[in-house]
Amino acid sequence: MIICRNICKTYKHGSNRKQVLNNINLVVERGDRVALLGRNGAGKSTLIKLIGGVEMPTSGKVVRNMAVSWPLGFAGGFQGSLTGYDNARFIARIYQRDYSEIRDFVEDFTELGKQLKTPVKTYSSGMRARLAFALSLAIEFDCYLIDEIILVGDQNFNRKCHYELFEKRRDRTMILASHSPHVIRQLCNRAVIIHNGEASEYNDVNLAVEKYTNL
Amino acid sequence: MASTGLSRLRKGWAIQIRVIHALMIRELTTRFGRENIGFLWIMAEPLLFAGLVAIVWRLMKGTSEHGIGMAAFAVSGYIPITLFRHGVSRSVAAFTANGSLLYHRQIKILDFIIARFIIEVLGGMMAYIFIASILIFFKEFPIPDDIGLFIAGWSIYCLFTFSLCLIIAPLSEMSEAMEKFVPVTTYIMLPFSGLFLMASWLTPKVREYMLLSPFVNAMEMMRKGIWGDQITAYYDPWNPIVCSIVAAAIGLVLCRRVRRTLSIQ
């Protein structure tokens with residue numbers, strides 16, 4: 001279970017203050033697949049970062065009672081100057097996993113071949129996404145935080161993700177930020193719309209998507 | 001309840017050790033690569049710096065001053081000061097430079113400072129041992145008289161430098177001006193680092209002020225450990241220890257505050 005209690009997040013740039021999230025309350029039960037909807041800059045990524053513990057809320061509290069992945073997105077989690085293999089080794093070390101197992105899975109899942117020996121900063125965003133997904137799947141989290149990334153891959157990658165994440169691991173919890181009504185309708189059982197820093201919850205995903213498209 | 005607290009502490013401790021270990025390896029590979037001598041480069045810089053200064057001093061100022069070897073004196077001053085300057089400059093913007101790693105919750109910002117600092121300490125120690133061995137071979141460096149006192153001095157010096165890093169790292173995230181001031185400040189404090197002289201060479205009045213500096217106290221300990229009865233040293237180990245505790249307490253509070261507002265790409 002993940003509980004967000006009265007979360008506020010304000011960013012300060014010099015004398016500018018911008019309140020991104022205002023008093024968000026959200027409970028995610030085990031097995032829930034929550035869609036985060038919102039326009040660009042609404043605070044979806046911020047909320048995912050707060051749930052993932054990457055950034056700290058200005059006030060309020062996040063309680064995590066299960067193993068939550070790091071936010072899988074375009075940025076973060078990797079050191080650009082290191083190779084794909086080195087990053088895998090680093091992650092195996094800090095999550096205390098067997099490197100050879102992780103390496104095998106990453107090689108198989110990403111199909112990046114020799115590219116794994118080049119620095120991650122030379123990767124395209126699709127390639128980064130493959131690596132991020134491969135590593136987080138190899139570590140096996142109870143809850144996956146996915147930030148828009150699901151749509152960047154090609155057909156083959158989407159199919160693989162779909163199989164690994166939504167079929168093989170269908171019992172897992174998931175929090176997914178996406179703009180795609182199709183993906184959300186297909187995968188999620190709940191939705192949260194973030195608008196003007198406030199969150200409104202919907203148990204009917206179709207209704208949420210409809211509301212969102214009319215924003 | 002107490003036992004669960006203790007076991008949680010032990011578990012957290014084990015995780016942090018693992019993280020620091022992984023960060024150190026990562027740091028070494030990004031900074032030095034795997035080619036040629038690889039991680040041995042960590043001692044290259046202090047070695048070159050202390051070595052060249054020792055040669056210059058030896059040529060300019062002669063073989064000895066106040067009865068101690070010039071080359072050895074230069075080395076005993078420059079290795080610690082390199083540790084300090086590198087430690088401090090590596091702490092500047094350490095959090096943003098490693099920001100993307102904060103995606104992994106088990107990595108704490110303190111781990112960045114600790115990992116970088118341990119690398120600098122290891123580099124300094126390796127360089128020290130290397131250069132001292134060579135100089136001892138050429139009879140330019142004495143066999144340390146009291147190695148325990150020397151190690152105590154070195155440890156205290158490291159402790160104080162580390163506690164300063166704990167302050168500088170968060171401050172450099174809070175204001176950009178800080179970044180510009182660090183090189184100047186480290187340069188200006190050189191005379192107060194005990195690098196160029198022993199306290200016993202000074203008049204009692206000046207000595208009193210010099211001994212307020214934690215660096216001077218630690219430096220005197222190290223030099224007393226090396227030369228023993230050949231020199232007179234003035235030091236109070238409690239000065240650097242107390243200063244370290246105060247600085248570390250301030251630093252930890254600052255780190256905690258900065259972590260709350262750190263925004264990560």
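The values are calculated or read from the model by the stated rules, or taken from the named source; none is laboratory data. For clarity, every value in this text was computed on a predicted model and none was experimentally measured. Don't worry about glycine lacking a Cβ; one is built from the backbone with ideal geometry, like all the others, and counts go over all protein chains shown. For accessibility, only protein heavy atoms count, side chains too; no ligands or nucleic acids. Shrake-Rupley method; radii C 1.70, N 1.55, O 1.52, S 1.80 Å.
Things worth noting here:
- For chain B: relative contact order, % (alpha-carbon pairs under 8 angstrom, 6 or more apart): 23
- What the Cα convex hull of the protein assembly as shown gives, in volume per residue, is 174 Å³.
- A run of chain A free of exposed loop cleavage sites, with GluC sites (Glu not before Pro) counted only in DSSP states other than H, G, I, E and B and at most 15 other beta carbons within 10 Å, reaches its longest extent at A:30-110.
- Taking only alpha carbon atoms, the stretch B:41-166 gives an Rg to Rh ratio of 1.07, where Rh is the Kirkwood radius.
- Its DSSP H runs of at least 4 residues, each contributing -39,500 (n - 2.57), put the calculated 222 nm mean residue ellipticity of chain B at -24500 deg cm²/dmol, to the nearest 500.
- 5 angstrom amide H check on B:Ser64, placed H, neighbours 5+ away: B:Met70
- Separation between Cα centres of the stretch B:1-44 and the stretch A:66-106, rounded to whole Å: 16
- For the stretch A:52-71, a reduction of at least 40 Å² in accessible area between the chain on its own and the assembled protein chains (probe 1.4 Å) is found at A:Val54, A:Glu55, A:Met56.
- Two tests apply to each whole DSSP H helix in chain B, Cα reach of 15 Å or more along its axis and mean Kyte-Doolittle hydropathy of at least 1.0, and the ones passing both are B:44-61, B:109-137, B:147-174.
- For the stretch B:210-243 and the stretch B:177-205, distance of Cα centres in Å: 15
- Helices meeting the span-like rule in chain A (full DSSP H runs, Cα extent of at least 20 Å along the helix axis, mean Kyte-Doolittle score of 0.5 or higher): A:125-139.
- The gain in end-to-end length when the A:Asn23 to A:Glu167 segment is fully stretched comes to 48.4 nm, 0.36 nm per residue minus the alpha carbon separation.
- Extreme residue, positive dipole direction of chain A, given options A:Gly38, A:Phe157, A:Ser178 (C-beta unit charges): A:Gly38
- Value of relative contact order over the stretch B:136-265, rounded to a whole percent, pairs C-alpha under 8 Å and six or more apart: 41
- For the stretch A:156-215 versus the stretch A:128-150, the inter-centroid distance based on Cα atoms is 16 Å.
- Computed about the Cα centre, the dipole magnitude for chain B is approximately 1020 debye when only Lys and Arg (+1) and Asp and Glu (-1) carry charge, each at its Cβ.
- Rounded to two decimals, the Cα radius of gyration of the stretch A:79-140 over 2.2 N^0.38 Å is 0.97.
- With each label modelled as a point 7 angstrom along the Cα→C-beta vector, the A:Val183-B:Ser200 pair spans 7.3 nm.
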